[in-house]
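Inspection log for the structure reproduced underneath, given as structure tokens.
Derivation of every value follows stated rules applied to the coordinates shown; laboratory data play no part. Quick caveat, the model's predicted, so the values are computed rather than measured. Using ideal geometry, Cβ is built from the backbone for each residue, glycine included, and neighbour counts are taken over all protein chains shown.
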Amino acid sequence: MATLAAVTRELACHAVVGAIERQGGTLYCVALFFGPDGYLGLHRKLMPTAAERCLWGQGDGSTLPVIDTGAGRLGAAICWENYMPLFRTAMYAKGVDLWCAPTVDDRDAWQATMRHVAVEGRCFVLSASPYLRRDALPADLHPVQGDAPDTVLVNGGSVIVSPLGEVLAGPLRDGEGILTATLDLDDLARARFDFDATGHYARPDVFALHVDESARAAVTYRC
């Protein structure tokens, strides 16, 4: 944490980094936010996916930040949180401009989801997906895909999408690499002119979403 914070302070940049957080005896899948001022906060994954539920803790509404970078508002949805319509709606209502979507989902269907989120939220979507081969894992692990050293376990798929669904970079597959794109932030206003999911295109008289952003502790104390 200290090293990453030092890097973003030195470079005067922002970064969203996936990590494992340990609190007591519980592990959380998290997205960490850093900027020119160092560490800015985190988002804990609300719902572990499939077999992850055997191990990971669940986040609560207290870690759903959208951070104003000065140039745009930055938020994150971790992997299959991107499939949660009410999560997306809550983030749209906070005015997210730069939607970060770290994942290990390398399927073609994920690309469609990233373009959908961009068009629905009228935001830029930056999805990072790793490229992972068997030889990067310890020898005592045996992936279902096979044990040959060059077996590809996760085939990337990182992508950057505009607020109207145009793919600006990627998807990056078949090896490690870095995607870059120049974002025209004026595209945000252009895209929202005729569609704003929680603004002029909403119907609060028909649909309403209530979000509890309080921290939920198992034990509370009164004096």
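In terms of the Cα gyration tensor, with a ≥ b ≥ c the square roots of its eigenvalues, is the stretch 109-223 rounded because a/c is under 1.5, prolate because a/b exceeds b/c, or oblate?
oblate
Tell me which chymotrypsin sites (Phe, Trp or Tyr not before Pro) from the stretch 169-213 have a DSSP coil assignment and no more than 12 other beta carbons within 10 Å of their own.
Answer by residue number: Phe193, Tyr201, Phe207.
Name the long-range amide H neighbours of Leu40: under 5 Å, sequence gap of 5 or more, or other chain; modelled H, no Pro or chain starts.
Hits under the 5 Å cutoff: Phe33, Phe34, Gly35.
Once the dipole of the chain is set up with Lys and Arg at +1 and Asp and Glu at -1 on Cβ about the Cα centre, which of Thr182, Ala90, Ala76 lies farthest towards its positive end?
Ala90
For Met84 and Asp140, FRET efficiency with R0 = 45 Å and r from the beta-carbon atoms, rounded to 0.05?
0.85
What is the calculated FRET efficiency for Phe193 to Ala71, with r their C-beta to C-beta distance and R₀ = 22 Å, to the nearest 0.05?
Result of the calculation: an efficiency of 0.65.
Connecting C-alpha atoms closer than 10 Å in a GNM of the chain, tell me which of Cys29, Cys123, Cys13 has the biggest fluctuation.
Cys13
Given axes a ≥ b ≥ c from the Cα gyration tensor, I'd like to know whether the stretch 61-103 is rounded (a/c under 1.5), prolate (a/b larger than b/c) or oblate.
Since a/c reaches 1.5 and a/b is larger than b/c, the shape of the stretch 61-103 is classed as prolate.
About its Cα centre, how strong a charge dipole does the chain have in debye, to the nearest 20, once Lys and Arg get +1 and Asp and Glu get -1 at the Cβ?
My answer is approximately 560 debye.
Go ahead and set up a Gaussian network model of the chain, Cα springs under 10 Å, then flag whichever of Ala112, Ala90, Ala77 fluctuates most.
In this elastic network of the chain, the residue with the biggest mean-square fluctuation among Ala112, Ala90, Ala77 is Ala112.
Using a Gaussian network model on the chain with a 10 Å cutoff between Cα atoms, which of Leu46, Leu137, Leu172 fluctuates the most?
The residue with the greatest mean-square fluctuation here is Leu137.
Report the one residue of Thr8, Pro163, Gly18 whose Cα lies farthest in the direction of the positive end of the charge dipole of the stretch 2-192 (charges on C-beta: Lys and Arg +1, Asp and Glu -1; origin at the Cα centre).
Farthest along the dipole direction, towards plus: Pro163.
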